[in-house]
Amino acid sequence: MSAPASAYAEAALLGAILKDPRRALEVRDWIRAEDFDSFWDQEIYRALTDHGLYARADVLSQPAHLRSAALQRAVLDQLYRTAAVQGWPMSAQAWQEVATYVADLPLPHNVPAAANAAAYGRVVAQASLERTVGVGGELAERAVLAAVLARPEEAQRLKGWLKSTDFTDPAYGQMYRVLVEESLASHPAVTIRRPEERTQVLAKMLYQQLQHKAAVEGWGTPQQWWPVVAHQIRDMTGVHRVPHPERAAQLGQRVLQSSIQRLVAASGDMVERALDHPGALAASTRRPPSRG
């Protein structure tokens, strides 16, 4: 999906809610602020939904033709408060630009019809998924691990059908093996923790368990590789965390799909070689890669 298309959908969805606050009810349960690519679109959506501005009595009590302006003021007030708490370095000119952007969102050139809010939301969600897994699914392996680290209970949705051998990246395959196939994600030391603590506890245990397995199984891992592994794990719980870890099974399906495509391609190559060289297939002891 092109960036202009997703950017238009983000603005259209926000504009639809600002134009008709009831439209937030159609998307609030399945669209999150992190699904938006633009920083300001994220913060505006968070103000509208996470802070419940779309349902504020002082907004809804306004006459229909004044409701949008009241909601815009409420959004800006919330952005000011968030900026003060988080220490955003904002100049007066920058705030004027934000105010102009918010006022522009519900205008017809941005949102032709507020009734299409759910349709705009689907475009936003699809663009978010593509950023998470890559247009061709090339980022799906990392996304699966990030989802399990964010919500360890998601491991149970993957166990049994997605295998570590489905991962093309050996490091990611080993992480998946430890987290899911060997049930580290359901270890009591993780599950007894409060939900907000589980990710960091599990990330630390994953790193330690990988080092232990490398020593016991003789991986021959160079010492300089371990800081890279630590960075990968931190990355998956930080800047590249997934916006919807509850979609771990959907992300896993993308990994499995790629694995099956590789298997089919490998099998096809064997058949082609056999047709080019009769008898070669029967003489060969090679087999297509197994899923384990």
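Only one entry of 141, 130, 153 meets the criterion of being charged (D, E, K, R), assigned to a helix (DSSP H, G or I) and surrounded by 17 or more Cβ atoms within 10 Å (Cβ to Cβ), and that entry is 141. Looking at 102, 124, 75, 98, just one residue is among the β-branched types (Val, Ile, Thr), assigned by TED's automatic domain parsing to the domain that holds residue 11, touching a residue at least 24 places away in the same chain (Cβ under 8 Å) and touching a Ser or Thr at 6+ places or on another chain (Cβ under 8 Å), and that residue is 124. The helices (runs of 4 or more DSSP H) found entirely in segment 1-118 that carry 2 or more residues being of a type outside the set (A, V, I, L, M) are 3-19, 39-48, 64-86, 92-104.
Scanning for something surrounded by 14 or more Cβ atoms within 10 Å (Cβ to Cβ), farther than 23 Å from residue 246 by Cβ and not small (Gly, Ala, Ser), does segment 4-12 turn up at least one residue? The answer is yes; a qualifying residue exists. Closer than 30 Å to residue 29 by Cβ, among the β-branched types (Val, Ile, Thr) and in a loop (DSSP other than H, G, I, E, B) - does that describe any residue in segment 240-250? Scanning segment 240-250, I find at least one residue that is closer than 30 Å to residue 29 by Cβ, among the β-branched types (Val, Ile, Thr) and in a loop (DSSP other than H, G, I, E, B), so the answer is yes. From the residues in segment 154-175 that are without any contact (Cβ under 8 Å) to a residue 60 or more places away in the chain and touching a Lys or Arg at 6+ places or on another chain (Cβ under 9 Å), which one is nearest to residue 234 (Cα to Cα)? The residue in question is 172. I need every pair where a residue in segment 188-206 that is in the same structural domain as residue 142 (by TED's automatic domain parsing) and without any contact (Cβ under 8 Å) to a residue 60 or more places away in the chain has its Cβ under 7 Å from the Cβ of a residue that is assigned to a loop (DSSP other than H, G, I, E, B) and basic (Lys, Arg), sequence separation at least 6 or different chains. Matching pairs, first to second residue: 201/193.
The set of residues in segment 111-120 being crowded, with 19+ Cβ neighbours inside 10 Å and either at pLDDT below 95 or of a type in the set (A, V, I, L, M) (or both) consists of 111, 114, 117.
The values are calculated or read from the model by the stated rules, or taken from the named source; none is laboratory data. Predicted, not measured: the structure shown is a model, and the values here were computed from it. As a convention, Cβ positions derive from the backbone with ideal geometry for all residues, glycine included, and neighbour counts pool all protein chains shown.
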